[in-house]
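Down below is the structure, laid out as structure tokens.
The values are calculated or read from the model by the stated rules, or taken from the named source; none is laboratory data. All values derive from a computational prediction rather than experimental measurement. Neighbour counts are summed over all protein chains in view; Cβ atoms, including those assigned to glycine, are modelled from backbone coordinates with ideal geometry.
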Amino acid sequence: MLIADLYIRVSTDEQADKGYSQRDQHERLERYCNQNQITIGQVIFEDHSAKNFNRPEWTK
């Protein structure tokens, strides 16, 4: 059995407005996992820049 943790992130309002919102990403990832018999473990949401790894959820 495959298990995946989902890491969902946007860094700007513009990304969210262009269809990359956290909700859109979550729905797409969930659909992919369901279609491929992958169990979802944790779902991690974050809204920090990817410029560096100083992101609270990434460093856990």
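For the subset of the range 32-54 comprising residues that are touching a strand residue (DSSP E or B) at 6+ places or on another chain (Cβ under 6 Å) and within 18 Å of residue 21 (Cα to Cα), which member is modelled with the highest pLDDT? The residue in question is 43. Taking the criterion of being modelled with pLDDT of 95 or more, at positive phi and not aromatic (Phe, Trp, Tyr), would at least one residue in the range 20-28 satisfy it? The answer is no; no qualifying residue exists.
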